[in-house]
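What follows is a short report on a single structure.
The values are calculated or read from the model by the stated rules, or taken from the named source; none is laboratory data. This structure is a prediction, so every number in the text was calculated from the model and none was measured. Neighbour counts are summed over all protein chains in view; Cβ atoms, including those assigned to glycine, are modelled from backbone coordinates with ideal geometry.
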């Protein structure tokens, strides 16, 4: 081994954020540690996978050295013999031996290692120790480590298949990067992207992710010009803010589409899989969405979304306009129905556009948007051009069966001129592939069905909206919460009863009703006189959070006799102090709050009040800090959002005002790390304004 | 033309329910009326499509007769010349000429006609008349008519492509029949089924369905041994009971999977498409489900579901057990997460089974169900056999990437022995196709992804559950409603105030509280004394349905002074009569009722009470008559169903009792055609029983 070769470490010359993973994903040479002649052994499978790599691939097996087959006793020997740095080692050795093998490989010049096998932390028992040793060895030797417990990665444009599924070498080079928690999902997605005619730039399965995390790979992709869209699969997250920040940085360059596992209770199985608890599905999705990712519900939607986003990115817009053009009304109707369900904006076309269309199409077709062309023919390019030119339209979504006799779709698009457009088609496989391959150079993605088209269009719209939100952040005023010295003073106390909590809310600008904290019955009677009835009388004790559970709340108190009865009952329940408060008028009750997620840190939450909303778990969440306008949008995620806009004569909720309250509460948790949560339940939207009727401020329990 | 040939009308010998459509789908000869040499004309396209038909195909064009090319002046000439009955005519003539062409074709011996072109009712204007004339001509000449405004049908096993999309001739013969409202959707589905490796037995687009309806085609399929599952696409329904009854009859033989368009507001576009209003999405789905169909949400789910159901039908069961076996934990986790979301039962495996598995699998894998095999190998058949043998397991769902080196899936299943199983896989297209084609003869369907597998498994379970429900119907007691002479007497009146409505409910066995209908203040005071407070006092007037809108309801009346205040207010609101009723205790409020759907007739509805439930439109519905046990299951379709089972200390709802009430209300509408609706709102579930607190009985408005 020459000293020169070892000193040319890839990436060290470039201090960019992606430099660290270059020895892993762009190695100059590869060595399989644990090479084997037994074709069923992992070492042999890996060597077969790596056989297409254009650079040198060596094997290491001290018990079976054969230099003519590039199999050596040690990595250093291999590097010496081949005269090229072997940046990447693929370790195919038992878990117990992996730390030693990694250290030895590093001594031979290796800068990155892939460990596919399982038997580490996910297996429990001695595997926990093997994993710790492996991580220690990687840290000490400054080797980048992918895995363990993964099926590896592929980089087709480099001819690099570092996977124990050799068939994945058939996946073509393309423009989508896959970053998957699971090796199996990584392969499944890569095959699906091949089938979709898109291919991959890089496809990585993270496995136990003890060193290289999703955030690291996303950061690597910042500098990868081949990647035009990213498919991210998430099972668990160790460092929420790091992941969110990597997604946010990458989304500024390329779209990221994320699939988060664990909507339902599959925690036991998930833990057995990678040794980590599935992260809160809801919070993870919210955090990724806030960071700019498009969030989808299953792996097919993931593939449809990246297929579209790898070719098209709409300009940032809060409500992009979609035109639907259909050569067959039936599939078009399925697509339009789907779009209506996702809330995508399909605006009625302008009068000018409709005039143009009526000159091109038979009178019997629907032309307002969706545009039904009837049986498509030679006017199809004109229809596409007219629709794309409509000022309300940002993207054209087309369904057309493959009918080479009557419609040449690629030619029609070429004739119509450049536009943002997507196509879904159906037909014999060869015809569909021909259409798809001809549309690709025009920047037009081809989907496989109306539902796939709906998913793809929705992804384009969500990506454009995410960037509009990101742009909005640059122009936002700051919220008052943490800069006010009165807030700091209020937070100096270590426990908050309801009165103190509401005092804090008052400083934060959140409405409360006139109230008096009373240490005696006399004070309570004086408060009733001062406030005037009806009042609410409550037990006042920072230690009692769920007052209504112990009959600690009495409503509608109007006169001294009623007050005495209420005070008697509260005394009987153990109350020493009382809160006497004006009673609120009717309205819509919300639950709003901020709490601390174990993975992502402070998050805000908002939901509708009432037992049905609770039974539905109808809550929207987002990481804090966030701007009031972003927080306000959370209300639109609620299933019961129809209630917020004057439903059945009810009030209209001032979304901006609720958003400001959420933002302020989020800021509060960001500002004071001791705070565990602040919850206002209910926050009542009344004709007289928005009022916090009860509030609980909790501190982290110190064990 | 020989008299003999014309007299041998197909189907007339067989009086079975499917005989009528045999000339259409199984013709002995076909004639294209409006044949053309111009390859862009419909007549020429149709002739090209039909060129693979093994029987005689003639053309008719009086202006271009060429007997050597089988083109004649009239159908009779063609039949004479060819000596074979031309059962099916494909009419490629303008809409205005189609009625005449059909009559002429019938005179030439044609028994069935396909009209693909548009320009009929869906186009409005003169098209309405063309359609009427065409229908009249078909009726007079007893010709079965498919269309107009459809792309036709294909019957690959007969070499019959009667479609203006010749490429659809590439769809292979298979075991799924497609019955689609739209010609375009029919083609899209046929191509998707080809892509799925399944193929079609028959694929029909109904278009305007002026004669041949979905119900007719479903009935035809009763006698088609090649069809093992049916994909049904519904846009609008003219005769709801006919469709439901055809589905019910067919489901006894083969599974039917239905996709109903129109979840969202796309009515304008839908009407333009076939000239018919989209039928109520909710009621149509409910009716198809009650008839035994599996209902899905999009066309991909439709294809996944029929792919599975064409090969497997589980025994009827209310809760089939599914085992998940995965060769890669990550995709398995996506699948398990999906199944958990659909409510499919994935039972923990028995101790015996787990013992057997632990002997076959490495200790590190999860084996309770899902069963994670780690990296699969030679024990895979043993794992499959052990899981399939578990008494709680009805079907085995497997995810495994294509890894020919480590796992031969078809061989593993062959070794494991016969079982109900499904597979999803991923890999290079050729490997996936090879696996799929090898599993097909074993009766094992192959899906393309974890989400597709989830859809397929869920469809198998829903089909088994539908048959369990159908079997339950045979053992059900009848409900009391219509047989009771007191009910007939009660229904003799023409209008119902609340008291009369509740009297009717009482006869039907539905609980109400003690009450008195009062014609004067004195009577009201007497009622208060007799009933004891607290009572509710309401305006009593059959003409006022929404009493609370006009302050016609006063709660919590305990003494004469309060009663007088309430009576004053009711007088002021115009009340002449009063209902004084005991006040109910707290509980959970439901809305239950029966109403008359314009397409499907009587239906029952149930929803949770309260404004949020109303805002969510959280209502379940089913056609009446239905059995109490079926009606009870509607409660489990409610989004807010968690509230029904003691949520937050609330009551447990007696589903059987609510089901009986729904069934009785449904029977009432079935029994008396004048009744428009009966609504109980709220029906309160209290600790003291189930009580109708308000009820409205409405009659059809006679114009």
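Starting from residues that are in contact with a helix residue (DSSP H, G or I) (Cβ under 9 Å, 6 or more places away or on another chain) and within 14 Å of another protein chain (Cβ to nearest Cβ), keep the ones in region A:645-670 and report whichever is surrounded by the fewest Cβ atoms within 10 Å (Cβ to Cβ).
Checking each candidate, the answer is A:648.
Quick one: is residue A:197 out of contact with any helix residue (DSSP H, G or I) (no Cβ under 6 Å at 6 or more places or on another chain) and farther than 25 Å from residue A:56 by Cβ? Please lay out each step first, then the result.
Values: out of contact with any helix residue (DSSP H, G or I) (no Cβ under 6 Å at 6 or more places or on another chain): no; farther than 25 Å from residue A:56 by Cβ: yes.
Spelling it out, it is not the case that residue A:197 is out of contact with any helix residue (DSSP H, G or I) (no Cβ under 6 Å at 6 or more places or on another chain) and farther than 25 Å from residue A:56 by Cβ.
State the number of residues belonging to region B:616-635 that are within 14 Å of chain A (Cβ to nearest Cβ) and surrounded by fewer than 20 Cβ atoms within 10 Å (Cβ to Cβ). Let's see the steps before the verdict.
Taking region B:616-635 and keeping what is within 14 Å of chain A (Cβ to nearest Cβ), we get B:616-619, B:635.
Then keep just the ones that are surrounded by fewer than 20 Cβ atoms within 10 Å (Cβ to Cβ); that gives B:617, B:619.
Qualifying residue count for the region: 2.
Is it true that residue A:149 is surrounded by 22 or more Cβ atoms within 10 Å (Cβ to Cβ), more than 17 Å from residue B:429 (Cβ to Cβ), more than 7 Å from chain B (Cβ to nearest Cβ) and out of contact with any helix residue (DSSP H, G or I) (no Cβ under 7 Å at 6 or more places or on another chain)?
no
Taking region A:30-52 only, how many residues are without any contact (Cβ under 8 Å) to a residue 40 or more places away in the chain and part of a loop (DSSP other than H, G, I, E, B)?
Initial filter on region A:30-52 (without any contact (Cβ under 8 Å) to a residue 40 or more places away in the chain): A:37-40, A:44, A:47, A:51.
Still in the running and part of a loop (DSSP other than H, G, I, E, B): A:37-40.
The number of residues fulfilling the criteria is 4.
Scan region B:381-406 residue by residue and report those that are within 14 Å of another protein chain (Cβ to nearest Cβ), part of a loop (DSSP other than H, G, I, E, B) and surrounded by 22 or more Cβ atoms within 10 Å (Cβ to Cβ).
Within region B:381-406, B:400, B:401, B:402, B:403 meet the criteria.
Please work out which residue is surrounded by the most Cβ atoms within 10 Å (Cβ to Cβ), limiting yourself to region A:108-133 and to residues that are under 30 Å from the mean Cα position of the chain (by Cα) and part of a helix (DSSP H, G or I).
Applying the first criterion (under 30 Å from the mean Cα position of the chain (by Cα)) to region A:108-133 yields A:112-124, A:128, A:131-132.
Subsequent filtering for residues that are part of a helix (DSSP H, G or I) retains A:121-123, A:128, A:131-132.
On the way: A:121: 22, A:122: 23, A:123: 21, A:128: 14, A:131: 25, A:132: 14.
Residue satisfying both the conditions and the ranking: A:131.
Here's the yes/no breakdown for (1) over 33 Å from the mean Cα position of the chain (by Cα); (2) closer than 22 Å to residue A:169 by Cβ; (3) assigned to a loop (DSSP other than H, G, I, E, B); (4) in contact (Cβ under 8 Å) with a residue 12 or more places away in the chain:
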position	(1), (2), (3), (4)
A:54	yes, yes, yes, yes
A:59	yes, yes, no, yes
A:101	yes, no, no, yes
A:106	yes, no, no, yes
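More than 22 Å from residue A:178 (Cβ to Cβ) and modelled with pLDDT under 95, is that true of residue A:98? Spell out the reasoning first.
Details: more than 22 Å from residue A:178 (Cβ to Cβ): yes; modelled with pLDDT under 95: no.
No.
Show me the helices (runs of 4 or more DSSP H) found entirely inside region B:163-281 where at least 2 residues are surrounded by fewer than 19 Cβ atoms within 10 Å (Cβ to Cβ) and over 19 Å from the mean Cα position of the chain (by Cα). Spell out the reasoning first.
Working: elements: B:183-195, B:214-221, B:240-251, B:267-274.
It comes to B:267-274.
Out of A:433, A:415, A:411, which single residue is within 14 Å of chain B (Cβ to nearest Cβ), surrounded by fewer than 16 Cβ atoms within 10 Å (Cβ to Cβ) and at pLDDT 95 or above? Spell out the reasoning first.
Details: A:415 fails: within 14 Å of chain B (Cβ to nearest Cβ); A:411 fails: within 14 Å of chain B (Cβ to nearest Cβ).
On inspection, the qualifying residue turns out to be A:433.
In region B:588-601, what count of residues is obtained for those that are more than 12 Å from chain A (Cβ to nearest Cβ), surrounded by fewer than 24 Cβ atoms within 10 Å (Cβ to Cβ) and closer than 18 Å to residue B:695 by Cα?
Summing the residues that are more than 12 Å from chain A (Cβ to nearest Cβ), surrounded by fewer than 24 Cβ atoms within 10 Å (Cβ to Cβ) and closer than 18 Å to residue B:695 by Cα in region B:588-601 gives 3.
Only one of B:70, B:63, B:111, B:132 is in contact with a strand residue (DSSP E or B) (Cβ under 9 Å, 6 or more places away or on another chain), more than 19 Å from residue B:163 (Cβ to Cβ) and free of Cβ contacts under 8 Å to residues at least 60 places away in the same chain; which?
None of the others qualify; the one that does is B:70.
Out of (1) outside any helix (DSSP H, G or I); (2) more than 28 Å from residue B:264 (Cβ to Cβ); (3) within 14 Å of chain A (Cβ to nearest Cβ), what's the single condition that is false for residue B:673?
That leaves (3) as the condition not met.
Just the residues that are without any contact (Cβ under 8 Å) to a residue 40 or more places away in the chain and in a helix (DSSP H, G or I), please, taken from region A:74-99.
Applying the first criterion (without any contact (Cβ under 8 Å) to a residue 40 or more places away in the chain) to region A:74-99 yields A:74, A:81, A:94, A:96-97, A:99.
Once the filter is applied, which keeps residues that are without any contact (Cβ under 8 Å) to a residue 40 or more places away in the chain and in a helix (DSSP H, G or I), region A:74-99 yields A:81, A:96, A:97, A:99.
Scan region A:335-366 residue by residue and report those that are surrounded by 17 or more Cβ atoms within 10 Å (Cβ to Cβ), closer than 18 Å to residue A:421 by Cα and either in contact (Cβ under 8 Å) with a residue 60 or more places away in the chain or facing chain B (nearest Cβ under 9 Å) (or both).
A:335, A:336, A:338, A:339, A:344
Does any residue of region A:291-309 turn out to be more than 30 Å from residue A:629 (Cα to Cα), within 14 Å of another protein chain (Cβ to nearest Cβ), out of contact with any strand residue (DSSP E or B) (no Cβ under 9 Å at 6 or more places or on another chain) and surrounded by fewer than 17 Cβ atoms within 10 Å (Cβ to Cβ)?
Checked against the condition, which is being more than 30 Å from residue A:629 (Cα to Cα), within 14 Å of another protein chain (Cβ to nearest Cβ), out of contact with any strand residue (DSSP E or B) (no Cβ under 9 Å at 6 or more places or on another chain) and surrounded by fewer than 17 Cβ atoms within 10 Å (Cβ to Cβ), region A:291-309 yields no hits at all.
Only residues that are buried (at least 24 other Cβ atoms within 10 Å of the Cβ) and either modelled with pLDDT of 95 or more or facing another protein chain (nearest Cβ under 9 Å) (or both): list them for region B:370-380, please.
B:370, B:371, B:372, B:380
Collect the residues in region B:36-60 that are surrounded by fewer than 19 Cβ atoms within 10 Å (Cβ to Cβ) and out of contact with any strand residue (DSSP E or B) (no Cβ under 8 Å at 6 or more places or on another chain), keeping them in residue-number order.
Matches in region B:36-60: B:37, B:38, B:39, B:40, B:41, B:48, B:54.
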